[in-house]
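K.L.:
First the structure, then my questions, so here it is.
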Ligand SMILES: *Cc1c(COP(=O)(O)O)cnc(C)c1O
């Protein structure tokens with residue numbers, strides 16, 4: 001199936017059912033009524049694919065579900081009200097009390113909280129490992145390990161994992177693997193094709209791309225998705241609303257165009273920053289000298305450290321930026337800056353952090369759809385304030 005068919009038509013083929021509407025209708029309803037007892041009974045037997053109750057399935061959400069499953073090369077997918085919900089549901093579907101989870105060292109903060117704080121409360125133990133070396137992952141496995149949680153790359157310092165090698169290791173031992181693929185997007189990396197069992201995304205980022213919807217998706221085999229649906233999905237009830245699904249169907253249509261433009265602009269911005277005396281180091285998985293570069297394409301999220309004595313200089317830099325909004329998240333149409341200094345006290349001396357920690361003077365930039373020259377001029381004037 002080609003990309004434009006997935007984005008423009010998949011799940012929307014029966015336009016005659018909606019009087020030929022080109023944009024699909026928003027089924028703004030919580031419940032669906034039945035003509036016969038037999039039909040209602042059949043609905044209860046298959047709440048994922050029939051329409052009974054919108055917590056289980058809704059026609060507008062179903063269109064998006066088909067598109068995202070196809071993009072990831074998955075048999076099926078589930079949509080959630082956030083990426084955090086998708087990751088939590090996927091992990092909960094795979095473990096029970098007494099099990100052990102191996103998780104990458106520096107995952108998304110709420111993935112870490114899930115593994116370290118919440119699964120632990122239900123008797124699921126864990127080990128965090130620097131998974132860039134497969135041997136370290138293997139060494140962390142115990143006879144009780146049931147799940148390996150990966151994020152390749154992560155979204156602050158971009159450590160990647162050898163997904164194929166870890167998937168093979170896990171499969172041989174009957175251990176399931178879950179990979180957060182938010183950074184790469186399905187266009188640049190296909191973890192399922194490498195043997196990973198479940199792929200999760202924060203669809204809040206590039207997939208929706210407009211910073212106006214919170215959404216998550218979990219992709220996998222028909223069996224694993226059904227198991228997740230009957231268990232955590234229906235129990236947690238963290239579903240995506242039909243209206244948000246509709247907005248995301250619209251956002252998703254321009255994903256390839258947005259990523260292409262953003263990658264080109266990012267290359268220009270990185271070229272400028274690399275030559276700037278106040279930039280210490282750049283973290284970007286697609287940089288030519290990055291030994292971990294393995295993604296097919298580029299995107300616009302990267303980090304850099306700024307040469308300075310204390311975080312006061314970082315504050316001056318961030319507050320001088322006019323075209324980059326200072327905030328969390330990434331992956332929208334607008335450029336953003338996230339200074340790690342915000343999680344430290346004011347005027348913290350740089351360079352004191354322990355090995356493995358994110359540097360105090362690190363700033364993460366998410367490049368949007370603005371003209372490259374505009375962003376470079378803005379960065380140049382802000383760097384003059386450092
Ligand atoms: C934002 C993010 C999440 C969480 O997704 P939400 O949609 O914010 O719940 C998970 N993983 C990564 C890599 C993220 O950037």
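The values are calculated or read from the model by the stated rules, or taken from the named source; none is laboratory data. Note that this is a predicted model, so its numbers are computed, not measured. Cβ atoms come from the backbone with ideal geometry, glycine included; neighbour counts cover every protein chain shown.
K.L.:
Look at region 208-224 and say how many of its residues are buried (at least 24 other Cβ atoms within 10 Å of the Cβ) and touching a strand residue (DSSP E or B) at 6+ places or on another chain (Cβ under 6 Å).
P.N.:
Selection size over region 208-224: 5.
K.L.:
Can we say residue 39 is more than 16 Å from the ligand (Cβ to nearest atom), surrounded by 15 or more Cβ atoms within 10 Å (Cβ to Cβ) and more than 14 Å from residue 248 (Cβ to Cβ)?
P.N.:
No.
K.L.:
Of everything in region 98-117 that's assigned to a helix (DSSP H, G or I) and touching a strand residue (DSSP E or B) at 6+ places or on another chain (Cβ under 7 Å), which residue is farthest from the ligand (Cβ to nearest atom)?
P.N.:
Step one: list which residues in region 98-117 are assigned to a helix (DSSP H, G or I), which gives 109-117.
Among the residues that remain, those that are also touching a strand residue (DSSP E or B) at 6+ places or on another chain (Cβ under 7 Å) are: 111, 115-116.
On the way: 111: 6, 115: 13, 116: 15 Å.
Filtering first and then ranking leaves 116.
Each row is one residue, and each column tells you yes or no for (1) more than 18 Å from residue 270 (Cβ to Cβ); (2) surrounded by fewer than 17 Cβ atoms within 10 Å (Cβ to Cβ); (3) out of contact with any strand residue (DSSP E or B) (no Cβ under 6 Å at 6 or more places or on another chain).
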position: 322; (1), (2), (3): yes, yes, yes
position: 332; (1), (2), (3): yes, no, yes
position: 340; (1), (2), (3): yes, no, no
position: 343; (1), (2), (3): yes, yes, yes
position: 349; (1), (2), (3): yes, yes, no
position: 357; (1), (2), (3): yes, yes, yes
position: 364; (1), (2), (3): no, no, no
position: 371; (1), (2), (3): no, yes, yes
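K.L.:
Can you pull out the residues in region 125-181 that are assigned to a strand (DSSP E or B), farther than 14 Å from residue 105 by Cβ and touching a helix residue (DSSP H, G or I) at 6+ places or on another chain (Cβ under 7 Å)?
P.N.:
146, 147, 176, 177, 178, 179
K.L.:
Mind checking which residues of region 69-90 are within 12 Å of the ligand (Cβ to nearest atom), part of a helix (DSSP H, G or I) and buried (at least 24 other Cβ atoms within 10 Å of the Cβ)?
P.N.:
83, 85, 86, 87, 88, 89, 90
K.L.:
What about residue 236, is it under 24 Å from residue 48 (Cβ atoms), within 16 Å of the ligand (Cβ to nearest atom), within 14 Å of the chain's Cα centre (by Cα) and outside the structural domain of residue 367 (by TED's automatic domain parsing)?
P.N.:
So residue 236 fails the test.
K.L.:
Within the group 202, 190, which residue is away from the ligand (no atom under 16 Å from the Cβ) and under 19 Å from the mean Cα position of the chain (by Cα)?
P.N.:
Checking each option against the conditions leaves just 190.
K.L.:
Is region 186-194 home to any residue that is over 30 Å from residue 336 (Cα atoms) and without any contact (Cβ under 8 Å) to a residue 60 or more places away in the chain?
P.N.:
The first filter runs over region 186-194 and keeps only residues over 30 Å from residue 336 (Cα atoms), leaving 192-194.
Remaining after also requiring without any contact (Cβ under 8 Å) to a residue 60 or more places away in the chain: 194.
Yes: region 186-194 contains one or more residues that are over 30 Å from residue 336 (Cα atoms) and without any contact (Cβ under 8 Å) to a residue 60 or more places away in the chain.
K.L.:
Among the residues of region 326-373 satisfying the criterion of being more than 16 Å from the ligand (Cβ to nearest atom), outside any loop (DSSP other than H, G, I, E, B) and at pLDDT 95 or above, which is farthest from the chain's Cα centre (by Cα)?
P.N.:
Applying the filter and picking the extreme gives 373.
K.L.:
Have a look at 17, 39 and point out the one that is in the same structural domain as residue 91 (by TED's automatic domain parsing), farther than 30 Å from residue 194 by Cβ and modelled with pLDDT under 95.
P.N.:
From the options 17, 39, the qualifying one is 17.
K.L.:
Here's a follow-up. Take residues that are out of contact with any helix residue (DSSP H, G or I) (no Cβ under 7 Å at 6 or more places or on another chain) and on the phi < 0 side of the Ramachandran plot and tell me which of the strands (runs of 3 or more DSSP E) falling wholly in region 188-290 contain 3 or more.
P.N.:
So the answer is 279-283.
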